[in-house]
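Undergrad: Take a look at the following structure, please.
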Amino acid sequence: MGPSFITATEDWAIRYPMGKTETAHIGADIGLLQDRLQLTAEYFSIQNDKLLLDRSLALTSGFSNTVENVGSLQNRGLEFTLNYAIIKGKDLQWNFNFMISKDHNKITKLYGLTPAIYNRGGFTGVEIQRTGNLFLGQSLNNIYTYKFSKIAQVSDTAKLSGINFGRKIHPGTSCRWTGTATTSLMTTTVM
């Protein structure tokens, strides 16, 4: 009978199978003015399963955390793009590009029936941290912090300024559109 052991690489592959991703994209492209003006709109939905993430362990195990396939994540969003060739000549091209997008992610499954996975640390190693926590049905980037009696308003900024959230708080803005605008100028010089 051969040796009865398993290598670290084999163990990793057994314990952490490859994640699975399902994607769906619906979009439309429109070109106008002999394609000098191009408009694109796209909706996307991405489902990621078997995500490898840190999971806290009971300190009695001798370890504070481990990496495991702990859940599933859904990403959905919209993206709009506008490209315009202001000047489209043989030796000179001037283009304007504008893109705006909005996306939202949500944790759709955690291992077992677990509703939350807390990132523990701090001085004692058992304090719940503000970031790195996973909550079923919530965004991956949620911040665990103090409960507030209402939705934060601009008038509450002074009260909130004494709390270190790890980022700047913008009252009333939970899901924002992001975008970019660029312009490019290209010339062709023949010698």
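Undergrad: Determine if segment 74-93 includes at least one residue that is surrounded by 11 or more Cβ atoms within 10 Å (Cβ to Cβ) and at pLDDT below 85.
TA: Among the residues of segment 74-93, not one is surrounded by 11 or more Cβ atoms within 10 Å (Cβ to Cβ) and at pLDDT below 85, which makes the answer no.
Undergrad: Could I ask something else about it? Quick one: which of ASN95, ASN141, ASN105 is in contact with a strand residue (DSSP E or B) (Cβ under 9 Å, 6 or more places away or on another chain), over 30 Å from ARG36 (Cβ atoms) and assigned to a strand (DSSP E or B)? Give the steps one after another, and end with the answer.
TA: Values: ASN95 fails: over 30 Å from ARG36 (Cβ atoms); ASN141 fails: assigned to a strand (DSSP E or B).
The unique qualifying residue is ASN105.
Undergrad: How many residues does segment 162-191 hold that are modelled with pLDDT of 70 or more and part of a loop (DSSP other than H, G, I, E, B)? Before you say what the answer is, go through the steps one by one.
TA: Narrowing segment 162-191 to residues modelled with pLDDT of 70 or more: 176-189.
Imposing the further condition that a residue be part of a loop (DSSP other than H, G, I, E, B) reduces the set to 176-177, 188-189.
Residues in segment 162-191 being modelled with pLDDT of 70 or more and part of a loop (DSSP other than H, G, I, E, B): 4 in total.
Undergrad: Working only within segment 32-51, note down all residues that are in contact with a strand residue (DSSP E or B) (Cβ under 7 Å, 6 or more places away or on another chain) and on the phi > 0 side of the Ramachandran plot.
TA: LYS50
Undergrad: If we keep just the residues of segment 122-138 that are assigned to a strand (DSSP E or B) and touching a residue at least 24 places away in the same chain (Cβ under 8 Å), which is farthest from LEU51 (Cα to Cα)?
TA: Keep residues of segment 122-138 that are assigned to a strand (DSSP E or B), which gives 127-128, 134-135.
Right, trim to touching a residue at least 24 places away in the same chain (Cβ under 8 Å) and you get 134-135.
Numbers: LEU134: 12, PHE135: 14 Å.
In this case the residue turns out to be PHE135.
Condition check ((1) in a strand (DSSP E or B); (2) in contact (Cβ under 8 Å) with a residue 12 or more places away in the chain; (3) over 20 Å from the mean Cα position of the chain (by Cα)) across all residues:
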site: THR40; (1), (2), (3): yes, yes, yes
site: ILE46; (1), (2), (3): yes, yes, no
site: LEU51; (1), (2), (3): yes, yes, no
site: PHE63; (1), (2), (3): no, no, yes
site: LEU82; (1), (2), (3): yes, yes, yes
site: ALA85; (1), (2), (3): yes, yes, yes
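The values are calculated or read from the model by the stated rules, or taken from the named source; none is laboratory data. The structure displayed is predicted, hence computed values, not measured ones. For neighbour counting, all protein chains shown are included, and Cβ atoms are generated from backbone atoms with ideal geometry for every residue, glycine included.
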